[in-house]
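**Q** My questions will all concern the structure given below.
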Amino acid sequence: ARMTTGNDLALCRAEGWETLGCEPSLRACAIAAERGFTLQNTTAEAAELAPASVSAVLINNVLEHVHAPAAVIAKAWAALRPGGSLVVIVPNHAGPSARLFGAAWPGYDAPRHLWGFTPRALAALLAHAGFPPPAIYQRFQGRWAWRTSLDGSRAPTVVAAWRRRFAGPLSLVLLPLGVLAAWLGHGDFMTLVAVKPAPAD
């Protein structure tokens, strides 16, 4: 999984938020500590969060790596105050690159990615925990995703030599198509935002 060294926390802190986080890598925790962030050295499933203690939970390119995504979402639900927001960012397995490039697409990234999500599947996972239907924002991750898909650097098998040779120029040519696809609701990555409702009177 991608190591958390405090980048997201730094953005939140710059906006005036009090922050906390978790990270299973001791090295990443040490780097974050040098930047002024104390992280729980644990997995997302085992992170300790007091009930109804936070206003927002950000799960940024993490859910596809964990062994028990439903447990992580349930933990977020329990930790959020009523009116608090859950933000989940993951690769979109219903996006065009997943279909076009198959296993070469970095959203698959086996064996590091244990799960793949479509907007419908992730919304259902959130609903199971109690969240209402989320807002879904389609995203284009950037030229690197096209280049990686073309050059096969994360593919389980070797891709054609022409793809490796022309990955750079082709990724530049295809860049506007990726942006357009995301704008039309078919991004390679997605952000879901769900708000925990207040209890009924």
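The values are calculated or read from the model by the stated rules, or taken from the named source; none is laboratory data. Just so it is clear, the model here is predicted, and its values are computed rather than measured. Quick reminder, even Gly has a Cβ in these numbers, built from the backbone with ideal geometry, and neighbours come from all protein chains shown. Ligands, DNA and RNA are excluded from the accessible area calculation, which covers all protein heavy atoms including side chains. Shrake-Rupley method; radii C 1.70, N 1.55, O 1.52, S 1.80 Å.
**Q** Given Cβ point charges of +1 (Lys, Arg) and -1 (Asp, Glu) and nothing else, what value in debye, to the nearest 20, does the dipole of region 1-137 about its Cα centre take?
**A** With Lys and Arg at +1 and Asp and Glu at -1, about 240 debye.
**Q** Over the chain, what is the relative contact order in percent, taking alpha-carbon pairs closer than 8 angstrom and at least six residues apart?
**A** Relative CO of the chain lands at 22 percent.
**Q** In addition: For the chain, find the longest principal axis of its Cα atoms and tell me its angle to the long axis of helix 161-183, 0 to 90°, nearest 10.
**A** 50 degrees
**Q** Can I ask one more? Quick one: Debye curve from the alpha-carbon atoms of the chain only, equal weights, vacuum; give me log10 I(q)/I(0) at q = 0.08, 0.12, 0.14, 0.17 Å⁻¹ to two decimals.
**A** Those come out to -0.30, -0.67, -0.89, -1.19, one per q.
**Q** How far is helix 119-129 tilted off the main Cα axis of the chain, in degrees rounded to 10, range 0 to 90?
**A** Once rounded, one gets 20 degrees.
**Q** May I ask which residue of PRO119, GLY21, PHE131 lies farthest towards the positive end of the charge dipole of the chain, with charges of +1 (Lys, Arg) and -1 (Asp, Glu) on Cβ and the Cα centre as origin?
**A** Going by the charge dipole, the pick is PRO119.
**Q** Using +1 on the beta carbon of Lys and Arg, -1 on that of Asp and Glu, and nothing else charged, what's the dipole of region 63-201 about the Cα centre, debye to 20?
**A** 340 debye
**Q** Give the range of the longest stretch in the chain that excludes all GluC sites (Glu not before Pro) found in loop regions by DSSP and having at most 10 other beta-carbon atoms within 10 Å.
**A** 49-201
**Q** Please report the accessible area of VAL193 (heavy atoms, 1.4 Å probe, ligands and nucleic acids excluded) in Å², nearest 10.
**A** 40 Å²
**Q** Let me ask something additional. Along each of the three principal axes of the Cα atoms of region 128-201, give the extent in whole Å, ordering the values from largest to smallest.
**A** Extents along the principal axes, in whole Å: 64, 27, 13.
**Q** Using only C-alpha positions, report the orientation-averaged shadow area of the convex hull of region 11-85, nm², one decimal.
**A** In nm², the orientation-averaged hull projection of region 11-85 is 5.2.
**Q** Would you please classify the overall shape of region 8-55 from the alpha carbon gyration tensor, given that a ≥ b ≥ c denote the square roots of the eigenvalues, rounded means a/c under 1.5, and beyond that prolate means a/b larger than b/c while oblate covers the rest?
**A** Oblate is the answer for region 8-55, as a/c is 1.5 or above yet b/c matches or exceeds a/b.
**Q** What base-10 log of the normalised intensity I(q)/I(0) is obtained for region 66-107 from the Debye formula, alpha carbons as equal point scatterers, at q = 0.15, 0.22, 0.26, 0.34 Å⁻¹?
**A** After summing over all Cα pairs, the log10 values are -0.55, -0.78, -0.88, -1.12.
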